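Engineer: Got a structure for you, written out below as structure tokens; questions coming shortly.
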Amino acid sequence: MPSNADPMSLAGVHARLQALFPLGDLAPRRAGLAFVDLPATCAPPALSHLRDREGFGHLVLLTAVDWLEEELFQLTYLVCNREARLDLGLRVRIPREPARMESIHDIWPTAATYQRELREMFGIDFPGSPRLDEAFILEDWRDIPPYRRDFDTLRFARENFAERPGRETWDPASHMRQRLYPEANPGMDPSVPGDRS
């Protein structure tokens, strides 16, 4: 650890973690918030170390990003040390197929909820996580997971929902200009979509 690194700073935490795990550079985002990349296999033991040795007792969130072009998912585990007012995000990348990551529900039981959501919305498996196969939000879903970037929302809507007659499309800029400045557009009826009289 650099001699000038405050042991209770994110730089100090990063230096201690780097002595144990192959980490990327610390990427600060603001005071008290930084992110670091590491191999997926190192995430659970690094998270245990952060909880047990560094005071990061709260899992703030677990989320995913679909890097479709790279055929990868990025998982971000954001943890918080409330006493030191520090937030650290650990980012790992896993293959999209098969999308599988070790569960951390034994480290933070609340992680099981995040993992259920990621299983349902992205199709990422967390073997051993409780209730993983139960519907979380999407009952009777039969398509690919909807947060995957290759999910075709328009196709899904057209196949599953009827067109609603009478719906009008308004140009948002023109509509708001007319609503905010009706005197600048005399003769236009703001209640008629697209009226350009």
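Engineer: Please state the relative contact order of the range 41-84 as a whole percent: Cα pairs under 8 Å, 6+ residues apart?
Structural biologist: Rounded, it is 37 percent for the range 41-84.
Engineer: Moving on. Using the Karplus curve 6.51 cos²θ - 1.76 cosθ + 1.60 with θ = phi - 60°, what ³J(HN,Hα) values do you get for each residue of the range 104-113, in whole Hz, with x for Gly and Pro?
Structural biologist: Computed from phi, the couplings for the range 104-113 are 10, 5, 7, 8, 10, x, 5, 4, 4, 5 Hz.
Engineer: For Leu61, enumerate residues with amide H under 5 Å from its amide H, sequence gap 5+ or separate chain, H modeled in the peptide plane.
Structural biologist: Long-range HN contacts for Leu61: Leu78.
Engineer: To continue, here is another question. Using a probe of 1.4 angstrom, how much of the accessible area of the range 47-197 is carbon and sulfur, in percent?
Structural biologist: In the range 47-197, the share of accessible area belonging to carbon and sulfur is 50 percent.
Engineer: Keeping all protein chains in position, work out how much accessible area Ser48 exposes to a 1.4 Å probe, and write it in Å² to the nearest 10.
Structural biologist: Number for this one is 30 Å².
Engineer: Still on this structure, please answer the following. Over the Cα atoms of the chain, what Rg and Dmax result, in angstrom?
Structural biologist: In order Rg, Dmax, the Cα atoms of the chain give 23.7, 73 Å.
Engineer: Identify which of Asp87, Asp150, Asp140 has the largest mean-square fluctuation in a Gaussian network model of the chain, with springs joining Cα atoms closer than 10 Å.
Structural biologist: Result: Asp140 has the largest fluctuation of those listed.
Engineer: In the range 117-158, which GluC sites (Glu not before Pro) are in a loop and have at most 13 other Cβ atoms within 10 Å, using DSSP for the loop call?
Structural biologist: Glu134, Glu139
Engineer: Additional query: At a probe radius of 1.4 Å, what is the per-residue accessible area of Leu20, in Å² to the nearest 10?
Structural biologist: Roll a 1.4 Å probe over it and Leu20 shows about 100 Å².
Engineer: Going through the range 130-187, which trypsin sites (Lys or Arg not before Pro) have at most 14 other Cβ atoms within 10 Å and a DSSP loop state?
Structural biologist: For trypsin sites (Lys or Arg not before Pro) across the range 130-187 that sit outside H, G, I, E and B with at most 14 neighbouring Cβ atoms in 10 Å, the list reads Arg131, Arg142, Arg149, Arg167.
Engineer: Can you work out ³J(HN,Hα) from phi for every residue in the range 83-99, in order, using Karplus 6.51 cos²θ - 1.76 cosθ + 1.60 and θ = phi - 60°, giving whole Hz and x for Gly and Pro?
Structural biologist: After applying 6.51 cos²θ - 1.76 cosθ + 1.60, I find 4, 8, 6, 10, 10, 10, x, 9, 10, 10, 10, 10, x, 5, 9, x, 7 Hz.
Engineer: Please give the net charge around Phe122, taking every other residue with its beta carbon less than 14 angstrom from that of Phe122, where Lys and Arg add +1 and Asp and Glu add -1.
Structural biologist: -1
Engineer: Please list the non-local residues whose amide H lies under 5 Å from the amide H of Asp125, H modeled 1.01 Å from N, same-chain partners needing a gap of 5 or more.
Structural biologist: So Asp125 has HN proximity to Ala99, Arg100, Met101.
Engineer: Quick query: amide H of Leu33 versus all other amide H atoms, modeled in the peptide plane; which residues come in under 5 Å with a sequence gap of 5 or more or a different chain?
Structural biologist: Counting only residues 5 or more places away or on other chains, the set is Asp87.
Engineer: Okay, next question. Helix-only estimate, please: 222 nm mean residue ellipticity of the chain, summing -39500 (n - 2.57) across DSSP H runs of length 4 or more and dividing by its residues, to the nearest 500.
Structural biologist: -7500 deg cm²/dmol
Engineer: Under the Karplus relation 6.51 cos²θ - 1.76 cosθ + 1.60, θ = phi - 60°, what is the ordered set of whole-Hz ³J(HN,Hα) values for the range 165-182, x standing for Gly and Pro?
Structural biologist: Those phi angles translate into x, x, 6, 10, 10, 10, 5, x, 5, 5, 4, 5, 4, 5, 5, 7, 10, x Hz.
The values are calculated or read from the model by the stated rules, or taken from the named source; none is laboratory data. Remember, it's a predicted structure, so these values are computed and weren't measured experimentally. Cβ atoms come from the backbone with ideal geometry, glycine included; neighbour counts cover every protein chain shown. Quick note on the areas: whole protein, heavy atoms, side chains included, nothing else; ligands and nucleic acids left out. Shrake-Rupley method; radii C 1.70, N 1.55, O 1.52, S 1.80 Å.
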